[in-house]
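Take this structure, written in structure tokens, and hold onto it; I'll ask about it next.
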Amino acid sequence: MTGEPQDDCLFCKIVAGQIPATIVRETDTTVAFRDINPQAPTHVLVIPKAHHVDAAALATAAPELAADVLRETQVIADEEKLDSYRIVFNTGSGAGQTVWHAHAHVLGGRGLQWPPG
Ligand code: AMP
Ligand code: ZN
């Protein structure tokens, strides 16, 4: 069920402390940790603690939680002293989504091309 921890979900396991991660911030509802395969000098993932498969599912089921995730991206950017940054929610395998627990990529610390690849 949406919102419930999933046994087979990597990010639910990070939330539960069952898999190590370099956690940079935690709130009552969110966790932020460094991406294991960084694509920029700052590459942090912000996730809701509750399991939702992607950004739209999160926003539909729990709009305040979606807002928590978005607000946290700015806090991370401030802590990392980023003037500019990019928030990415890959949605669907064709767009590169590999983990089916909603997550915002916060990318910065280098020039970011537009349009993205
Ligand atoms: P996506 O491909 O958009 O679903 O993003 C998933 C991200 O999770 C990728 O950028 C991976 O590098 C990252 N990732 C996978 N496993 C871990 C892990 N154990 N700790 C931190 N980041 C991870
Ligand atoms: Zn999950």
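Please treat every number below as a calculation from the coordinates, not as lab data. These numbers were taken from a predicted model, which means no experiment stands behind them. Please note: Cβ atoms are built from the backbone with ideal geometry, for glycine as well, and neighbour counts cover all protein chains shown.
In vacuo Debye scattering of the range 1-93, one point per C-alpha: log10 I(q)/I(0) at q = 0.11, 0.23 Å⁻¹?
Relative scattering, expressed as log10 I(q)/I(0), comes to -0.30, -1.37.
Assuming R0 = 22 Å, can you tell me the calculated FRET efficiency for the pair residue 74 and residue 114, based on Cβ-Cβ distance, to the nearest 0.05?
E(calc), rounded to 0.05, equals 0.65.
Moving to a separate point now. Please give the FRET efficiency for residue 16 paired with residue 91, using the beta carbon to beta carbon distance and R0 = 25 Å, rounded to the nearest 0.05.
About 0.55, to the nearest 0.05.
Give me the distance in nm between label points sitting 7 Å out from Cα along the Cα-to-Cβ direction at residue 64 and residue 37, one decimal.
Here the modelled spin labels are 3.6 nm apart.
Assuming 0.36 nm per residue, please report the length gained on full extension of the stretch residue 7 to residue 56 beyond their Cα-Cα distance.
Additional length available on full extension: 15.5 nm.
Is it possible to state the helix-based mean residue ellipticity at 222 nm for the chain, with each DSSP H run of 4+ residues giving -39500 (n - 2.57), the sum divided by total residues, to the nearest 500 deg cm²/dmol? What is it?
-7500 deg cm²/dmol
Another question, if that's okay. How long is the range 55-109 along each principal axis, judged by its Cα atoms, biggest number first, in Å?
The Cα atoms of the range 55-109 stretch 30, 27, 13 Å along the principal axes, largest first.
Helix 63-79 against the longest principal axis of the chain: what's the angle in degrees, Cα atoms only, rounded to the nearest 10?
Rounded to the nearest ten degrees, it is 40.
Go through the range 40-57 residue by residue and turn each phi into a ³J(HN,Hα) via Karplus (6.51, -1.76, 1.60, θ = phi - 60°); whole Hz please, and just put x for glycine and proline.
Working through the residues one at a time gives 7, x, 10, 9, 10, 9, 10, 10, x, 5, 6, 7, 9, 6, 7, 4, 5, 4 Hz.
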